[in-house]
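The values are calculated or read from the model by the stated rules, or taken from the named source; none is laboratory data. Everything quoted here is computed from the prediction, not taken from an experiment. Glycine gets a Cβ as well: all are built from the backbone with ideal geometry, and neighbour counts include every protein chain shown. Calculation scope for accessible area: heavy atoms of the full protein, side chains included, ligands and nucleic acids excluded. Shrake-Rupley method; radii C 1.70, N 1.55, O 1.52, S 1.80 Å.
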Amino acid sequence: ASSSTFLRGDSTFAEAGGGKILQMQNMTTSTQTEVTSTTYANTAITDSITPSATSSKIMIIITDSCQYFNKPGFNDNGMSFRLKRSVGGSDTNVYTDNNAYEGFYQSTATGDPNFRCHITLSAIDSPNTTSACTYTHQINVYRDGSGAKARSVHDNNRGNMILLEIGA
């Protein structure tokens, strides 16, 4: 037995396999982003990692303090989230909500309320590169136009991103 082996259930020793965390990046921001469109927009929650091998996977964990303001005259509103990876100027969507209101949704027939929530998103990406990968959290609104708006890191609270490179 050595420090690189473990005892298996059949009482034999084996070499440890993949799945090891090779590196971690972490960022925190208190910069608010506000959007009023159904087009996805970048938030201040963004960070980069350079994988050490093309076979590595990247685990992305995002937390965000979100806020949504209703569009007057509609009784359902919401916002959605997307995670974008950029490598050498080329963008790939790693995760996108299935519906424009999937990330956050509310329904009310009266008033002009706003709603707040703290969200956590996670995704596993296989970038297949050893070039720097920049991950960016994006948001949009379900109904654009007069009065509807969504905020990431609302009221300058806190948002963060953790990037973990996981070896094959």
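Computed with a 1.4 Å probe on the full set of protein chains, the accessible area for residue 65 sits at about 10 Å².
Near the amide H of residue 133, within less than 5 Å, lie the amide hydrogens of 49, 50, all on another chain or at least 5 residues away, with H placed in the peptide plane. Computed from the C-beta positions of residue 21 and residue 90, the FRET efficiency with R₀ = 35 Å rounds to 0.85. For residue 131 and residue 39, what does the FRET efficiency come to when R0 = 22 Å and r is the distance between their Cβ atoms, rounded to the nearest 0.05? Efficiency, from the Cβ-Cβ distance: 0.20.
Computed with a 1.4 Å probe on the full set of protein chains, the accessible area for residue 8 sits at about 110 Å².
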